[in-house]
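Enquirer: My structure is below; once you've seen it, I'll send some questions.
Read the figures in this text as sums done on the coordinates, not as results from a lab. This structure is a prediction, so every number in the text was calculated from the model and none was measured. Cβ coordinates were reconstructed from backbone atoms using ideal geometry, including for glycine residues, and neighbour counts include every protein chain displayed.
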Amino acid sequence: MKIKKLIDLILKVLDDAKALDVTVFEVSKLTSISDYMIIASGRSNRQVNALAEKVAEVAKQNGIKPLGTEGKKEGEWVLVDLGDIIVHLMHPDTREYYQLEKLWSVDAIEAEQAKQV
């Protein structure tokens with residue numbers, strides 16, 4: 001399955017399940033661990049877990065077996081590793097605290113590199 005098609009399917013599942021503030025980052029030039037990261041929020045720990053289950057389910061239905069899922073017990077931040085795509089599903093407070101968007105945005109990385117020059 002093409003990665004763009006899988007991203008579209010994940011985005012549809014997240015939209016259907018009422019995920020909040022969905023963001024997609026292409027990180028292939030920034031790291032070797034993955035090509036894309038998707039970050040989304042759920043209103044509660046229960047919704048965060050449900051979002052993770054739906055993402056894993058749609059991947060499996062399309063022939064992609066998740067490499068791992070972390071954080072389901074707590075439900076504040078669940079990571080679904082699909083290899084080329086890593087999906088972070090977070091409670092809004094947890095997302096605000098860790099600010100992954102700042103970590104993975106190209107603008108933030110370029111600003112940090114400029115400071116070092």
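Enquirer: For the peptides 24-30, 73-79, what is the packing order when you average, over each peptide's residues, the other Cβ atoms within 10 Å and list the highest mean first?
Expert: Values: 24-30: 14.9, 73-79: 17.7.
Going from most to least packed, we get 73-79, 24-30.
Enquirer: Divide by every residue of the chain the summed helix terms, -39500 (n - 2.57) for each DSSP H run of at least 4, and state the resulting mean residue ellipticity at 222 nm, rounded to the nearest 500 deg cm²/dmol.
Expert: One gets -14000 deg cm²/dmol as the mean residue ellipticity at 222 nm.
Enquirer: Provide Rg over Rh for region 1-54; use the alpha carbon set for both Rg and the Kirkwood Rh (inverse mean inverse pair distance).
Expert: Rg divided by Rh gives 1.00.
Enquirer: Mind checking the dipole of the chain: about its Cα centre, +1 per Lys or Arg Cβ, -1 per Asp or Glu Cβ, Debye to the nearest 20? Let's see the in-between values first.
Expert: Numbers: 16 positive and 19 negative charges, 80 e Å.
The dipole magnitude comes to about 380 debye.
Enquirer: Once the Cα atoms of helix 45-61 and of the chain are each reduced to a long axis, what angle between those two axes, in degrees from 0 to 90 to the nearest 10, is obtained?
Expert: In the chain, helix 45-61 runs at an angle near 80 degrees to the longest axis.
Enquirer: Report the equivalent ellipsoid semi-axes for region 9-106 in whole Å, largest first, defined as the square roots of five times the eigenvalues of the gyration tensor built from alpha carbon atoms.
Expert: Rounded to whole Å, the semi-axes are 18, 17, 12.
Enquirer: Among the lysines, which fall within straight-line cross-link reach of residue 102, defined as a Cα-Cα distance under 17 Å, with same-chain neighbours fewer than 8 residues apart omitted?
Expert: Straight-line reach from residue 102, under 17 Å: 29, 115.
Enquirer: Using a 7 Å offset from the Cα along the Cα-to-Cβ direction at both residue 102 and residue 20, what is the distance between the two label points in nm, to one decimal?
Expert: Calculated label separation equals 1.9 nm.
Enquirer: Right, next: Place +1 on the Cβ of every Lys and Arg and -1 on the Cβ of every Asp and Glu in region 3-116, take the dipole about the Cα centre, and give the residue among 22, 44, 98 whose Cα lies farthest towards its positive end.
Expert: Going by the charge dipole, the pick is 44.
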